[in-house]
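K.L.:
The structure follows.
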Amino acid sequence: MIKTNRPRHRRAEFLDRRQETRSGQGYLVVISIGSVLIVWAAVTYFGLVNIALVPSPQQVARSAWADIRDGSLGLNTLASLTRVIEGFLLALVIAVPLGALMGIARTLRGLGEPLIELIRPVPPIAFIPLAILWFGIGELSKIMIVAYGAFFPIFVNTMSGFREVDRVHIRAAQTLGANRLHLFRDVVLPSAMPQMVTGARLGMGMAFVVLVAAELIASSEGLGYMINNARFDFRTDQIFVGIIAIGVLGFVLNKALLKAERRLLHWKVD
């Protein structure tokens, strides 16, 4: 009897198609960013905008290079990155277990959801005075503000993921003799994982949104501090450097989360 390698060939073809798709997406990223830079350079070159308000890409590049050479850009980027990661991890550690518990336990969800929905619309910037009073003007207050901003996207998506597990899958596993541990490990958790990862990505994005506001609390370093300080000096090129640095940081961390998602959800088809 002749054995065939069709499943292996199909898997190889599938992986090749995924690789080609990602390569194509890489070209699209280059085209997208390149188009924006060309339009930006053209608008400033032909004087369609006030150069003092919208500096040219060359001015921004010169300013960024000067900040890199004197070390200020690296120092501010590292400070902001540390705050974002620490705030995000704090939010993740609290939001995932709490969201899972409230997604599984109906009584706990009934007790906690009204309080969560009451607090969730309050913007993080409104808690800055309380953060200063409770945690001082040091790093802890900034991290707590970032964690507050990242908490709700992670929590809401985690709770939704556990709440919306298909009951048919649970009954099928119970029919096959699965106990509670097996149900949670093999059915509930994999079903909820896609929304948990989505919540983590949204939480990371919100952490960057809150970062600038958090760094207004008596900061002496950080990209938010750099942007705010440049505002007083009317250094729009410096402001653009800070904005672009935040965008690049967010882009890199989002790509890292996407890579983690592919590893965790290797069974999921892109």
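K.L.:
Gaussian network model of the chain, Cα springs within a sub-10 Å range: biggest mean-square fluctuation belongs to which of VAL210, VAL36, VAL241?
P.N.:
Comparing VAL210, VAL36, VAL241 in a Gaussian network model of the chain, the most mobile one is VAL36.
K.L.:
Give me the one-decimal nm value for the distance between modelled label points at ILE132 and LYS259, 7 Å along each residue's Cα-to-Cβ direction.
P.N.:
4.0 nm
K.L.:
Once the piece of chain linking LEU101 and SER220 is laid out straight, how much longer is it, given 0.36 nm per residue of separation minus the C-alpha distance between them?
P.N.:
38.9 nm
K.L.:
Give the label of the value calculated from the structure for Cα Rg over 2.2 N^0.38 Å, choosing from (1) 0.96; (2) 1.27; (3) 1.08.
P.N.:
Matching the structure shown: (2).
K.L.:
Could I ask something else about it? Step through the residues of the stretch 27-37 one at a time and calculate ³J(HN,Hα) from phi using the Karplus curve (6.51 cos²θ - 1.76 cosθ + 1.60, θ = phi - 60°), rounding each to whole Hz and writing x for Gly and Pro.
P.N.:
Values per residue, Gly and Pro as x: 4, 5, 4, 4, 5, 4, 5, x, 5, 4, 5 Hz.
K.L.:
Kindly identify the stretch 126-267 as rounded, prolate or oblate by the Cα gyration tensor criterion: order the square roots of the eigenvalues as a ≥ b ≥ c, call it rounded if a/c is under 1.5, otherwise compare a/b with b/c, prolate if a/b is larger, else oblate.
P.N.:
Because a/c hits 1.5 or more and a/b exceeds b/c, the stretch 126-267 counts as prolate.
K.L.:
May I pose another question? Return the calculated 222 nm mean residue ellipticity for the chain, to the nearest 500 deg cm²/dmol, obtained by summing -39500 (n - 2.57) across DSSP H runs with n ≥ 4 and dividing by the residue count.
P.N.:
-27000 deg cm²/dmol
K.L.:
How much length, in nm to one decimal, is gained on full extension between TRP65 and PHE46, taken as 0.36 nm per residue of separation minus their Cα-Cα distance?
P.N.:
Result: 4.4 nm gained on full extension.
K.L.:
Within the chain, which is the longest segment that contains none of the chymotrypsin sites (Phe, Trp or Tyr not before Pro) sitting in a DSSP loop with at most 12 other Cβ atoms within 10 Å?
P.N.:
47-233
K.L.:
Let me ask something else. Given labels modelled 7 Å from the Cα in the Cβ direction, how far is it in nm from LEU202 to LEU189?
P.N.:
2.3 nm
Just so you know, all these numbers are worked out from the coordinates, no wet-lab data involved. Note that the structure is predicted; figures quoted are calculated from it, not measured. Glycine also receives a Cβ, built like all others from the backbone with ideal geometry; neighbour counts cover every protein chain displayed.
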